[in-house]
Amino acid sequence: MPIVRAAAPAAPAAPVDLEAIELRVLHLPLVSPFTTSFGTETVREVIIVRARTAGGDGWGEIVTQHAPLYSSEYTRGAWDVAERFLVPALLEAGTLAPEQVAGVLEPFVGHRMVKAGLELAVLDAALRAEGRPLGEYLGATAPRVPSGVSVGIQRDAAALVDAVGGYLDQGYVRIKIKIKPGRDIADTAAVRDAFGAIPLQVDANSAYTLADAATLAELDRFDLLLIEQPLQEDDIVDHATLAARLRTPICLDESIVSAKAAADALALRAASIINIKAGRVGGYLEAVRIHDLCREAGMPVWCGGMLETGIGRAANAALAALPGFTLPGDISASDRFYTRDIVTEPIVLEDGHVRVPTGPGIGVEIDPVALEDATVDRVELRR
Ligand code: SMG
Ligand code: MG
């Protein structure tokens, strides 16, 4: 079994003096509805965190959604647990290094997306104060990362082909389509027929059971890069059973909530690829641990997305630049979901890639007017 690294990557960051933490709920309208097996989103509801320290501010993003459909976490629950428990615990610690955040928050069970957003804000503040880019801190080795796009379920297969064609024209190097029972084989066939051997994968967001194994096996004929999360979050053994019946690699998303869960999935052969999302696993430091253990085990990983604003996307680009991220991530440009991002320089696609920011911390600046315009709720908790 690979050794799980306990400390932070490279050199640890200097502690910060935490003075206050501001939380904001934002509502950002999507450029078009985003439909998955569990529902349709038209407005992204997300929480932005600002850590106020003696040495300056740091920014983080809590990637919950309005409703607990992707996972058990959801925005108002995140707000409540942050305000009542997690933020007070951090403020009480006062002076702390980013590597200590997870330990301070550990007594509180679950709520990993909240913990990840808080840790990122502290990390960003610490790295900005030192003038050190997040990518360098995490161990990034690439100056830019290949950009894949996640395409929601459309009205019909023809509309899906139109949507995919538009993204290919923009230069995205890998297409992921969302599937669900009844919208799987024909949709995938339509995309393959229209565009030939493009890098293509599918994401079921837990919509199937083992009883659907025969249908899922039909996907084998499309030479997909992977099938993402066909079964429920806690169906680790069922995923292993399914993996043995399919030629297409199984990739786990929702099931991988920690480095421990990743090690277990590896040991049980429940997946041969892992989607790493910092929010889902409780932070960028835990994400690096999963990267490290998968790399040691020779298992490919890629960086998932949660419709992040420029804050989370910039951090994701830094993470995806680590050497074990050998598959394109869901790191699309700001305009994939938003007409107006909350950062001064939106994330853009350059030749199918997104550049890893080189400025201090997450390397992007917040647009205060765009942030204010999108804010529907705000609280500041002081030490
Ligand atoms: O951020 O580009 C993005 C979206 C990627 O499909 C995406 N995320 O299961 O991987 C996934 C989903 C989770 C969010 S669905 C609302
Ligand atoms: Mg997924």
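The values are calculated or read from the model by the stated rules, or taken from the named source; none is laboratory data. Note that the coordinates shown come from a computational prediction; the quantities given were computed from them, not determined experimentally. Positions of Cβ are generated from backbone atoms using ideal geometry, with glycine treated the same way; all protein chains shown enter the neighbour counts. In case anyone asks, the SASA skips ligands and DNA or RNA and just uses the protein heavy atoms, side chains included. Shrake-Rupley method; radii C 1.70, N 1.55, O 1.52, S 1.80 Å.
Structure notes:
- Here the chain is treated as a Stokes sphere of Kirkwood radius computed over C-alpha pairs; at 25 °C and 0.890 mPa s its diffusion coefficient rounds to 118 µm²/s.
- Highest average packing first - 202-209, 178-185, Cβ atoms within 10 Å: 202-209, 178-185
- Area accessible to solvent at residue 255, 1.4 Å probe radius, in Å²: 10
- Counting only alpha carbon atoms, the long axis of helix 112-130 and the longest principal axis of the chain meet at about 50°.
- Accessible area (Å², per residue) of the stretch 130-196, counting only protein heavy atoms and a probe of 1.4 Å: 39
- Element breakdown for the chain at a 1.4 angstrom probe: carbon and sulfur atoms account for 52% of the accessible area.
- List 296, 286, 83, 308, ordered by accessible area with a 1.4 Å probe, largest first: 296, 83, 286, 308
- Part-to-part distance (alpha-carbon centres) for the stretch 218-281 and the stretch 146-174, which is given in Å: 23
- Remark: spin-label model distance residue 380-residue 84 equals 2.5 nm, labels positioned 7 Å along the Cα→Cβ axis.
- Both radii come from the Cα set of the stretch 117-206: Rg as radius of gyration, Rh as Kirkwood radius; their ratio Rg/Rh reads 1.18.
- In degrees, nearest ten, helix 157-170 long axis to first principal axis of the chain (Cα): 50
- Annotation note: trypsin sites (Lys or Arg not before Pro) in the stretch 51-84 located in DSSP loop regions with a Cβ neighbour count of at most 15 within 10 Å are absent.
- Residues in the stretch 214-307 average 34 Å² of solvent-accessible surface per residue, probe 1.4 Å, ligands and nucleic acids excluded.
- Estimated purely from DSSP H runs of n ≥ 4, each contributing -39500 (n - 2.57), the mean residue ellipticity at 222 nm for the chain is -10000 deg cm²/dmol once divided by its residues.
- FRET efficiency, residue 185 to residue 260 (Cβ-Cβ, R0 41 Å, nearest 0.05): 0.70
- Here the stretch 136-355 is assigned +1 on the Cβ of each Lys and Arg and -1 on the Cβ of each Asp and Glu. Its dipole about the Cα centre then comes out at about 180 debye.
- Mean-position separation - Cα centroids, the stretch 4-75 and the stretch 321-371, in angstrom: 15
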